[in-house]
Amino acid sequence: MTSQATLVSAPARVELGNARISAIGLVKSEWTKLWSVRSLWITLTVAFALTTALCSYLIFNGQILGDDEGAGDIPFGWTAVYPIGMLILVILGVLTITSEYSTGSIRSSLVAAPRRTGLLLSKAAVLTAVTTTLGALMSVLLYAVLQSAGTVPLAQGMSLFDPQMLWGVLGGTMILPYGVLLGLALGGLLRNAAAAIALYFGVFQLGPQLFPVFLPEGLAHVVDYMPLAALDVMRSGGLSTEPYGVGVAIVVLLAWLVVLGGSSWWLLKKRDV
């Protein structure tokens, strides 16, 4: 009698050949990683929950935003808290890539994407899409809270699409995806979470205050072209034109992303994992 085991045919071998995961597959993979790795989704949640809570407090309190001698003449004044959310999203960007190096899963990822460029682009695409969408939803929610609270007389009844409101809210919202992309670039450069976060705080966060002390007087203005200075101009909604306008600020920010992101991409292509 033939045993049941012999009746079960062995699974057919699947010849993979040169088959590789598609661009859509890479994006789906990064989407799954974002929501399955605990440190990533917790960091993302904290960034938006904390920013929303602090902004809501400012709006309902009204002492700062509604004060004519304070920020009362800025209808989008609540977005002053957004840099805190950006700071946490920089950490998210760093963890998104360094966690793969620390666990060794980067080897599997690069087997699926041997040209490596698609891996970095898919991470950037997913992080940008998620943080931009959540940032836009958060800004619309906070605008509704602002209108219902009525603690900022200048903003009361002002449309979200009023130029005085729109450009400030848009500029503040866009610093959120910018922060996560900056973190991704730094994480890709150093491949170590602690080193990348230390580099961000030491150079980009504290640098604008420290560098002028050590630089010759003629070079002190260099810090005006660092990312945080340009971000301050962009989220001012056109109220600040010093040291340059919004257009130059956007060019400066894109230049930093191109240099850091390009260096991260080049090292990913050239270095062993």
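The values are calculated or read from the model by the stated rules, or taken from the named source; none is laboratory data. The structure presented is a predicted model; accordingly, all values stated were derived computationally and were not measured. As a convention, Cβ positions derive from the backbone with ideal geometry for all residues, glycine included, and neighbour counts pool all protein chains shown. For accessibility, only protein heavy atoms count, side chains too; no ligands or nucleic acids. Shrake-Rupley method; radii C 1.70, N 1.55, O 1.52, S 1.80 Å.
Answer yes if at least one residue in region 150-160 is outside any loop (DSSP other than H, G, I, E, B), buried (at least 17 other Cβ atoms within 10 Å of the Cβ) and not β-branched (Val, Ile, Thr), and no otherwise. There is at least one residue in region 150-160 that is outside any loop (DSSP other than H, G, I, E, B), buried (at least 17 other Cβ atoms within 10 Å of the Cβ) and not β-branched (Val, Ile, Thr).
Per the listing Val145, Val130, Val126, Val180, the residue uniquely in contact (Cβ under 8 Å) with a residue 60 or more places away in the chain and within 15 Å of Phe76 (Cα to Cα) is Val145. Test Thr133 against the stated conditions and say whether it is among the polar types (S, T, N, Q) and open to solvent by less than 50 Å² (accessible area, probe 1.4 Å). Considered against the rule, which asks whether it is among the polar types (S, T, N, Q) and open to solvent by less than 50 Å² (accessible area, probe 1.4 Å), Thr133 comes out as no.
Of the residues making up region 101-120, those that are assigned to a helix (DSSP H, G or I), open to solvent by 10 Å² or more (accessible area, probe 1.4 Å) and in contact (Cβ under 8 Å) with a residue 24 or more places away in the chain number 9.
Filtered by the rule that a residue be surrounded by 19 or more Cβ atoms within 10 Å (Cβ to Cβ) and either of a type in the set (Ser, Thr, Tyr) or more than 15 Å from the chain's Cα centre (by Cα) (or both), region 31-56 gives Lys33, Thr43, Thr51, Thr52, Cys55.
Answer yes if at least one residue in region 202-212 is open to solvent by 60 Å² or more (accessible area, probe 1.4 Å), among the aliphatic types (A, V, I, L, M) and either in contact (Cβ under 8 Å) with a residue 12 or more places away in the chain or closer than 25 Å to Trp167 by Cα (or both), and no otherwise. Checked region 202-212: no residue is open to solvent by 60 Å² or more (accessible area, probe 1.4 Å), among the aliphatic types (A, V, I, L, M) and either in contact (Cβ under 8 Å) with a residue 12 or more places away in the chain or closer than 25 Å to Trp167 by Cα (or both). Among the residues making up region 216-233, a single one is part of a loop (DSSP other than H, G, I, E, B) and open to solvent by 70 Å² or more (accessible area, probe 1.4 Å): Pro216. Val258 meets the conditions (1) more than 17 Å from the chain's Cα centre (by Cα); (2) open to solvent by 40 Å² or more (accessible area, probe 1.4 Å) in every case but one. The failed one is (1). Tell me, please, whether a residue that is without any contact (Cβ under 8 Å) to a residue 40 or more places away in the chain and more than 19 Å from Gly172 (Cβ to Cβ) can be found in region 44-66. Yes; the residues of region 44-66 include at least one that is without any contact (Cβ under 8 Å) to a residue 40 or more places away in the chain and more than 19 Å from Gly172 (Cβ to Cβ). Apart from one condition, Ser236 fits all of (1) open to solvent by less than 50 Å² (accessible area, probe 1.4 Å); (2) of a type in the set (S, T, N, Q); (3) without any contact (Cβ under 8 Å) to a residue 40 or more places away in the chain; the exception is (3). Taking Pro216 as meeting all but one of (1) free of Cβ contacts under 8 Å to residues at least 24 places away in the same chain; (2) within 21 Å of the chain's Cα centre (by Cα), write down the number of the exception. If we test Pro216 against (1) free of Cβ contacts under 8 Å to residues at least 24 places away in the same chain; (2) within 21 Å of the chain's Cα centre (by Cα), just (2) comes out false.
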